[in-house]
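Quick notes on the structure that follows.
Every read-out reported here was derived from the displayed coordinates using simple, explicitly stated rules and does not represent laboratory data. A quick note: this is a predicted structure, and the numbers were derived from the prediction, not measured. When we count neighbours, we look across all protein chains shown, and the Cβ atoms used for this are built from the backbone with ideal geometry, even at glycine.
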Amino acid sequence: MTDEQWTDAGKAVTALILDVFRLNGRLQLAGDRLVAALGLTSARKQNQGAIAYAEHPESVAWHARTMGVHRQGVQRIVNELEKEGIVEFRPNPQHKRAHLVVLTAKGESLFNAAIALQAPWVNALSSGISPADIAITQQVIGQLKMRLEEERSRQS
């Protein structure tokens, strides 16, 4: 394929996608190092975050949709966290089999410890980048995410 097949915006978004993939890999590695002493990984912390920041208890499938990942991966991690007493399942009045997932006291304590490590790290990482630039980046990513979600809805 030659560059002439893409619009200027298409070229720019392709470059952005590649950078996002690379950034994601680096974020996962850095996150793994950051929370390793707590017995966590980036994936486990991400799942805890989805549970902790949810407005109300949600099912595994809902958390997977929110995070934009496969339900099976979230289920595997949530099952591990449940065995370790970090999360627990509660009955879901809306669905007999899709239990709700909540953090236990141990899970909340562990999540708070991870946030205590993450805050100074992310403050240093973001040093020198203006909040306005971050907001623009977030807008662009949000627009791309919305278009991908719309595309997925049309295909379902």
The chain: DSSP helices with Cα axial extent of at least 24 Å and average Kyte-Doolittle hydropathy no lower than -1.0: 8-35, 105-126, 131-155
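When the dipole is taken about the Cα centre of region 78-138, and only Lys, Arg (+1) and Asp, Glu (-1) are charged at their Cβ, what size is it in debye, to the nearest 20? Could you put the intermediate results ahead of the total?
Numbers: 5 positive and 6 negative charges, 60 e Å.
Charge dipole of region 78-138: 280 debye, to the nearest 20.
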Within a Gaussian network of the chain (alpha carbon springs, distance under 10 Å), most fluctuating of A119, A135, A98: A135
Rounded, prolate or oblate (a/c below 1.5 giving rounded, otherwise prolate when a/b exceeds b/c) for region 81-144 by Cα gyration tensor: oblate
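Take the Cα gyration tensor of the chain, multiply each eigenvalue by 5, square-root it, and list the three semi-axes largest first, rounded to whole angstrom. Mind showing how you got there, number by number?
Details: eigenvalues 197, 101, 37 Å².
Listed largest to smallest, the semi-axes of the chain are 31, 23, 14 Å.
Counting only helical runs of four or more DSSP H residues, what would the 222 nm mean residue ellipticity of the chain come to if each run contributes -39,500 (n - 2.57) and the total is spread over all its residues?
On the way: 6 runs with 108 residues, N = 156.
One gets -23500 deg cm²/dmol as the mean residue ellipticity at 222 nm.
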Selected from V140, Q46, G10, residue furthest toward positive end of dipole (the chain; charges at beta carbon): Q46
Set of region 48-65 residues, backbone N closer than 11 Å to the point 7 Å along the Cα-Cβ line of S156: 62, 65
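How big is the charge dipole of the chain about its Cα centre, in debye rounded to the nearest 20, if each Lys and Arg gets +1 on its Cβ and each Asp and Glu gets -1 on its Cβ?
Working: 18 positive and 16 negative charges, 107 e Å.
The dipole magnitude comes to about 520 debye.
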